[in-house]
Structures are given as structure tokens and as C-alpha cells.
1. Calculated FRET efficiency, residue 157 and residue 476, Cβ-Cβ r, R0 30 Å, to nearest 0.05?
2. Going by how many other beta carbons lie within 10 Å of each one, how would you line up 471, 27, 124, 541, fewest first?
3. Please list, or write none, the aspartates and glutamates whose alpha carbon is within less than 13 Å of the alpha carbon of residue 50, excluding same-chain residues fewer than 8 places away.
4. Put a dot 7 Å past each Cα toward the Cβ at residue 460 and residue 108; how far apart are the dots in nm?
5. Of the peptides 209-217, 102-110, how do they stack up when ordered by the mean number of other Cβ atoms within 10 Å, highest first?
6. If r is the Cβ-Cβ distance from residue 440 to residue 166 and R0 is 25 Å, what FRET efficiency results, to the nearest 0.05?
7. Just for the chain, what percent of DSSP beta bridges are antiparallel, to the closest 5?
8. Skipping prolines and chain starts, which residues have an amide H placed within reach, meaning under 5 Å, of the one on residue 47, given they are 5 or more residues away or on another chain?
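Derivation of every value follows stated rules applied to the coordinates shown; laboratory data play no part. As the structure is a prediction and not an experimental result, all values here were calculated from the model. Note that each Cβ is placed from the backbone with ideal geometry, even for glycine, and that neighbours are counted across all protein chains shown.
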Amino acid sequence: MTPAIPARLVAPEPGWTETADVVVIGSGIAGLTAALRLHGQVGRILVVTKDVLDAGSTQWAQGGIAAALGPGDTPAQHERDTLVAGAGACDREAVRVLVTEGPAAVHELISWGAVFDHTDGALSLTREGGHHRDRIAHAGGDATGAEIQRALIAAVEQAPEIEVIQHALAVDLLTDADGAVAGVTVHVLGEGQVDGVGQLRCRAVVLASGGLGQVFSQSTNPAVATGDGMALALRAGATLRDLEFVQFHPTVMWLGAHSRGQQPLISEAVRGEGAFLVDDQGRRVMEGVHPLADLAPRDVVAKAITRRMNQTGKPHLWLDARHLGADFWARRFPTILATAREHGVDPVTEPIPVAPAQHYASGGVATDLWGRAGVPGLYATGEVACSGVHGANRLASNSLLEGLVFSRRIAEVLPGELRDWTEPAPDRRPAGLVPGTVRRPLQQTMTAEVGVLRSAEGMKSAVADLEALASERSTEPGPDAWETSNLLTVSRALTEAAALRQETRGSHWREDHPERDDDRWAGHVDVVLRDGELVPSFHPSPATDGGPA
Ligand code: SIN
């Protein structure tokens, strides 16, 4: 019998209770923007974050934030590039919202204190894969995320109605008799009264908990990216959409076959400034593959690299950026330079070994244009969400922008939709938990069979492996077991979605169905949880990569 997906996680009864009008789960650009924008409108706001405030993915963003801010650029051009990268699977309205509201959102971020790089008094803008214009604003050269995170934390510290609980892992949503959000259980590694498992009673939850990178053995994501928000939302009745569209960044520094966990990213912006990919014979990889060559959309570059690695039998290629010179490297990419040197490679004098690794979940919790996640009182924003802007392949540097724009939208509607306080209904649904020892084999399976290159046969074997892992049981709740259980739930949902979509589109690459098939597969794959079973379904919608209507 197929082991059930748990309807809730095994956890001790809550030992303490706190109340807030709104709980924001996650403290990256999406979570803190939502909190700042809601401030003054909804009463008490609690931001809970699994580690410290700046431990999430925002801090690690290098390239920057894309918006039509430069001379000659327009939202319509940004829209076209986003739709083309998304390989026909974007939601056109969501993309329009992103690109038209993006410039004002970036200006607001600047007004909150984020300091971007300037040249001759004007915002410096660069180019990355898939963009036909220089439209990526950056900070500290290649430390954009760190600067945004710093500015947002400073702004939150000035907001008296926002409180933060760090080291707080959200376990499960509490819902009332109508199925609406009534709170969330969290586990806090703290001291004093708020310690261990407790309940945060609230009237709405904004989920901004980031991605699922730790599903794979190698990822650019930090250790906290364990798909908790997606699994929690699924258990509460939300829909996961487009989960099969996992983006593999083409140029992640290769540290050896046995390197695991978070790997160093070499930003696309390095190629934007003129770096190029070569194989072990010194042959250019991207010439003739795409008109934008080394600046082709990310899925095109990742596939070309994987093909060349398969042809040559080498575990990595090389990114050559020596010609940028020592001064330029130090000024424009200080973080990458220092990281590469820490790992024994000097990009000023030698090419950098690179290979694709997991980078971004383009899908997630399905939302409407206002971040509503299908469960009354639940909103989702940022990487945890699927707003429809990324389609089958996110355009470079659109992720920070998505978090900004859609969190602002949530703050526009949520205050008017706040429900009265209600009591959580007793939850008698079956609880489950797997031990932390399941994590490593799960990552190996997902990397081997549901990674860059997929096939029906490989995914069948992945389903069998994941089911075997799901039959292991733990009676010892704790952060490792909760995270691993979430990783397993998300892995099973992702594999179901990837197996259902029998075509190659964007970042979803099927060896057994190598062509894109708009007649059969233009649309979304949704996954819901019903009575312990994942139910995938396909919902047709017209392909959207023909440029603006
Ligand atoms: C990069 O700097 O290459 C990553 C930017 C992104 O993921 O959008």
C-alpha cells in the first residue's frame, strides 16, 4: 500500500500561546515587505523565521533586481522577455502586474534605505540571461540581496507594531470549523516562556518561507530552504502549481563530485559583463546555440552545458572571465571573487569550474493576483508561491521583484479581508513523521531521477524510492524530522507533477519527450492532497510566449 502523505506533522501539544493579528512566516524580501506594508493597517504583526532574520535566500542573491528603470526600457519590453523565458507557461496578467508595478516597488525599496550602485549619478543597470535591455539594478557589486536584507531589517526594527520571533519553525496551520486560518503551530528554540512547540493565534497568515532547494543534493539555496511552506500549505488544503518547473542555474561553482548542500553561485551578471563558457578543449559552448549566446535564457544555457558535459564525459565546464581584469573583478564582483579564491580558484588568472545546480522553484503555492492562496486567511508570496509570473523558467532577477510586488499587493487587500477571531477546530486527521535519516537518500534520488534531465522510467524508480522512504516512521518530533518530512512531501508532489507533464518545456527537460507540445501541454499542473493521497491534474490554458497581446 502507498504510504500516505501526512495531513499534519507529529508534534507535541502546544505549551504556550501568543496572539497577533497577522503572522508572517519568513523574513526575506517577500516577508519583510509584507510586514512593512501591513504595518499600521492591521494591529500586531508577528514575523516568524526559522533561523536568524537574514538566513534565507534573499541574503544570497547576487545579480540583482530587474525592473524597467533605464532609458529606453519599458514594462512592455520587460514583459516580453519574461514571457519568452517562461516558455509559454506564464500567467500573462501576473506578468503584466509584475512589470508595471515593479519600478515603483523598487523606488519604494530605495526609500526604505536600500542603497543600489550608481554610475555618474544614475542607477547602474546591467544585463543577465534572457534580457534584451540593461535592467538589473545591483548593490555592492554582487551583494544585492545582502544590501536589501540589511535595509529591510533596519526598517522593520523601526516599526513598533512588528515583532520578530527567530529560530521559530512553522509546523502546521490551525484552521477553524470553516477551514479558515485561525493560527499556526511553531517550534521555537528559545528560552523562557516562548520555547518548544506553541501556538500563534491569528486572523491571517502570510507565507513567505522561500523555496525547496534542499530537495536536491546540490543547490545554491541556503540550508533553511526545505519546502516547509509548500508542505504546510498543501496539508491545509492549498494547491501546489507548476512544481515540475525547477530551475537549475547554469553556472554554479563546481567543488567536486562529493560536495553537498549549498554551493557557490557565479552570477549570470558575470556573463552579462562578458564572461563566456568553454569546455575542456577551450571550445565555446553557447556559440550557435542561441542568438543571445552566453546570455540565452537560463534553461537554454543549463541544457547546453549538460549536453556538452554528457558529450565530453566531464563533470563540469569552465567560465572564462579572465579578460575582465583584476580591478573590474574587485569592484564589480567582490563577493564572487572572494568566494572563488576561498575555494582555491582565482578568476582573474584562471577559468572557474562550473556546472548546473538547483537554484529556484518557479512553482509553489498557487495564488491569485493578490496573493490569496485558496484557504481563507492564507496568503503566499515570494519563492514559496506560484503567482504565475515565472512560467516554466524564471527570467533572471525577477525573483526579488516578484517578492516586492506581490507582497505590496497582499498588503492592499488583506486588511479589508481580515476575519473575526475564531477558535481552531480540533484536528483529528492522521499525523505522520519520517526520521532525519531519510534526507540524504531522498536528495540522492531526486538529484539522480528528477533533476536536470528526467524520464518516465527514472521517475517511476524515484516514486518507488520515495514511497519506501515514506514508510519509515519517526516518533521523535523535532526540527530535523519536521524538515525532512516536508522535503519528502514536496519531493513526492514534484515527482508526480514532473511525471504527468510529458513534454519538454523551460526548465522541465524530459529525455523521453524532447519536444514542447502546446497542443497537449499548454497549461498548469496542479497537485492537491486528498485523504492522504496526492492528486495531480492538468489545467489547459493558452501558451503565453508570443509577446504582449
Ligand atoms: C544570478 O545572479 O545569476 C542569479 C540571479 C537570479 O537568480 O535571478
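1. 0.25
2. By the 10 Å Cβ count, ascending, the order reads 471, 541, 124, 27.
3. Cross-link targets: 228, 480, 483.
4. The answer from the label model is 5.1 nm.
5. 209-217, 102-110
6. Efficiency, from the Cβ-Cβ distance: 0.40.
7. The answer is about 65 percent antiparallel.
8. So residue 47 has HN proximity to 24, 163, 164, 165.
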